[in-house]
Amino acid sequence: MSRNIFAPSSRRLLFGFGQRLSSTLECPTPKTTSVPIVQNEMPDCEFQPPSYRGPSYEDIKKLRKNHLTPNILSYYKKPLLIHAGHKQWLYDHNGKRYLDMFGGIVTVSVGHCHPKVKRALEEQSDTLWHTTNIYMHPKIHEYAEKLTAKFPGDLKAVCFVNSGSEANDLAMLMARLHTGNHDILTLRNCYHGMSPYTMGLTAHSTWRFPLAGVSNGIHHVMNPDPYQGLWGGSHCRDSPVQVNRECNCKKNGSCLASDMYYKELEQTFLHSLPCGKVAGMFAESIQGVGGTVQYPRDYIKKAANLVRANGGLFISDEVQTGFGRTGEFYWGFEGHGIIPDIVTMAKGIGNGFPLAAVVTTPKIAKSLGMALHFNTYGGNPLASAVGLAVLEVIEEEQLQKNSLEVGTYFLKCLSELRDRYEIVGDVRGKGLMIGIELVSDRETKTPLNALHVMEIWEQCKDMGVLLGKGGLNGNIFRIKPPMCIGKDDVRFAVDVLSRAIYDFLEKQKKKKPSS
């Protein structure tokens with residue numbers, strides 16, 4: 001079970017990676033709607049990266065074109081050549097520093113090149129790099145005990161793999177073997193991986209290849225999105241910032257939008273599934289690639305109950321929301337008031353090291369004993385040492401608490417941008433799992449053209465802030481930084497984003513013919 005996040009740390013914060021926080025969460029209200037000035041300079045950093053000594057920028061471009069497969073895409077019109085990382089900072093080959101607000105796609109959890117994690121890897125590499133689990137080695141056992149202690153209930157059996165796709169792939173297998181059923185449900189707009197097996201789970205046309213059998217037994221149900229969906233409004237989300245439209249839900253009572261989306265889910269059971277037979281349902285606690293989409297209160301709990309009543313398992317995808325990122329809880333599913341049957345995790349689990357896991361109950365785990373099942377690299381000594389160090393850093397530096405306090409501050413600052421700029425349609429999230437949806441029309445919520453979004457995005461990069469992008473229409477900024485960021489970083493990032501939006505709108509005004 002996760003610990004009280006407000007408990008005082010028994011150890012001092014290490015190496016300056018943790019952030020001391022003030023008690024106030026208020027973000028200053030903009031004093032004017034005139035030209036925004038970047039008042040907060042990029043926060044200082046004493047770290048000096050080593051000089052870049054690799055191939056030239058042009059040679060790297062040629063090598064990438066000639067020797068990497070074409071699916072390896074680059075961000076930005078002029079791609080960055082990243083050379084070094086430190087805490088929340090990245091450095092290009094020229095030594096220019098950038099504030100990393102995407103964390104290697106929600107992967108760098110405790111900070112780039114964290115010294116404790118680095119030291120754990122070095123010490124293990126001096127002892128034992130690799131031996132498969134046909135032999136016992138200590139680190140996988142130490143790590144399994146430490147990791148499963150973070151889970152409630154009977155979630156005490158762990159199988160280690162190497163990526164989020166592998167974890168979800170294995171969870172599908174376990175659900176089908178354990179229940180004896182075949183059909184699996186996921187939400188539209190979800191992302192659960194890109195292996196041929198998990199591609200069927202992922203409900204984005206942009207991430208799906210035209211392959212036979214990909215969707216075998218998988219059903220995508222209506223996404224319960226309080227902003228873009230049919231139902232939802234100002235009392236539906238578990239977020240410091242609510243949807244900017246009214247609803248009839250009671251602030252602390254039942255959510256009518258949740259009830260309506262649940263009825264739509266029931267229709268799938270009535271019309272698309274064998275009666276009383278489903279293997280399971282996958283859900284991200286907050287959708288990541290889809291644009292930080294949150295669900296109405298209690299929807300996930302009701303969905304899990306319905307799945308179990310029909311013989312299935314509920315699988316929580318914590319690849320992006322786990323390890324304290326959402327702030328209030330260690331795992332995103334805890335915010336929905338449930339204990340899943342299976343939990344998958346990756347990304348932040350290893351702070352960038354290739355590591356992932358599936359945690360379930362001993363009873364469900366027995367399904368893997370029906371035949372031989374093996375993973376050569378899963379839980380190897382190096383990965384286990386890294387994973388163990390990451391867990392310790394999150395505790396020692398109170399990064400879950402930091403995610404809650406700095407993330408809430410961040411969301412409130414961004415809500416001021418929504419009040420200032422009409423193209424900011426929605427701000428949402430919890431902790432340091434944040435999304436900003438840009439629209440061309442507030443009333444219709446029409447997505448802002450992706451090329452226009454890129455103009456703003458490019459200027460933020462030029463000014464030193466790296467943001468992620470997401471959503472089916474590419475109109476959502478994804479903010480998921482290393483969990484060690486502080487309020488100074490937030491103020492700088494918000495200033496830069498505000499200036500970039502303002503400059504874009506001014507350019508648009510000049511393009512319009514005068515009446």
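For the reader, a short list of remarks on this structure follows.
- A simple rule links phi to the HN-Hα coupling: the Karplus curve 6.51 cos²θ - 1.76 cosθ + 1.60 with θ = phi - 60°, which for segment 40-50 gives 9, 5, 3, x, 5, 8, 7, 5, 10, x, x Hz, with x for Gly and Pro.
- Once both labels are positioned 7 Å from their Cα atoms along Cα-to-Cβ, the gap between Arg420 and Leu270 label points is 4.9 nm.
- Length available on full extension from Lys509 to Val214: 0.36 nm per residue minus the Cα-Cα distance, which gives 101.6 nm.
- Lys118 contributes about 110 Å² of solvent-accessible surface, heavy atoms of the protein only, 1.4 Å probe.
- Residue (of Val390, Pro79, Val108) at the positive-pole extreme of the chain, dipole from beta-carbon charges: Pro79
- Mean separation of Cα pairs under 8 Å and 6 or more residues apart, divided by the residue count, gives the chain a relative contact order of 24 percent.
- Dipole magnitude (debye, nearest 20) for the chain, charges at Cβ of Lys, Arg, Asp, Glu: 540
- Kyte-Doolittle mean at least -0.5, axial Cα span of 27 Å or more - DSSP H helices of the chain: 399-420
- The order of the peptides 156-164, 221-229 by mean Cβ neighbours within 10 Å, most packed first, is 221-229, 156-164.
- Ellipticity estimate at 222 nm from DSSP helix runs (n ≥ 4, -39,500 (n - 2.57)) divided over the chain, nearest 500: -10000 deg cm²/dmol
- Taking Cα centre as origin and charging only the Cβ of basic (Lys, Arg, +1) and acidic (Asp, Glu, -1) residues, the dipole magnitude of segment 113-395 rounds to 340 debye.
- Members of Lys62/Lys461; Lys302/Lys401; Lys139/Lys302; Lys250/Lys507; Lys366/Lys469 lying beyond 31 Å, as alpha-carbon distances in this model show: Lys139/Lys302; Lys250/Lys507; Lys366/Lys469
- Accessible-area ranking of Asp489, Asp169, Asp419, largest first, probe 1.4 Å: Asp419, Asp169, Asp489
- Accessible area (Å², per residue) of segment 113-395, counting only protein heavy atoms and a probe of 1.4 Å: 40
- In terms of the mean number of neighbouring beta-carbon atoms within 10 Å, the peptides 285-293, 420-428 order highest first as 285-293, 420-428.
- Separation of alpha-carbon centers, segment 99-121 and segment 396-431, rounded to whole Å: 21
- In the chain, the convex hull through the Cα atoms has an average projected area of 26.4 nm², a quarter of its surface area.
- Alpha-carbon radius of gyration plus Dmax, which is the widest Cα pair, for segment 158-256 in Å: 17.1, 46
- The stretch between Thr132 and Asn449, if pulled fully straight at 0.36 nm per residue, gains 109.2 nm over its current Cα-Cα span.
- Only protein atoms count toward the accessible area here, which uses a 1.4 Å probe; on the chain, the carbon and sulfur part of that area reaches 54 percent.
- Taking Lys and Arg as +1 and Asp and Glu as -1, the other residues whose beta-carbon sits under 14 Å from that of Leu185 total -1.
- With both labels modelled 7 Å from their Cα along Cα-to-Cβ, the Ile60 to Ala149 distance reads 4.1 nm.
The values are calculated or read from the model by the stated rules, or taken from the named source; none is laboratory data. Note that this is a predicted model, so its numbers are computed, not measured. Counting neighbours? That spans all protein chains shown, and the Cβs are built from the backbone with ideal geometry, glycine included. Side chains are part of the model used for accessible areas, which takes the heavy atoms of the whole protein and leaves out ligands, DNA and RNA. Shrake-Rupley method; radii C 1.70, N 1.55, O 1.52, S 1.80 Å.
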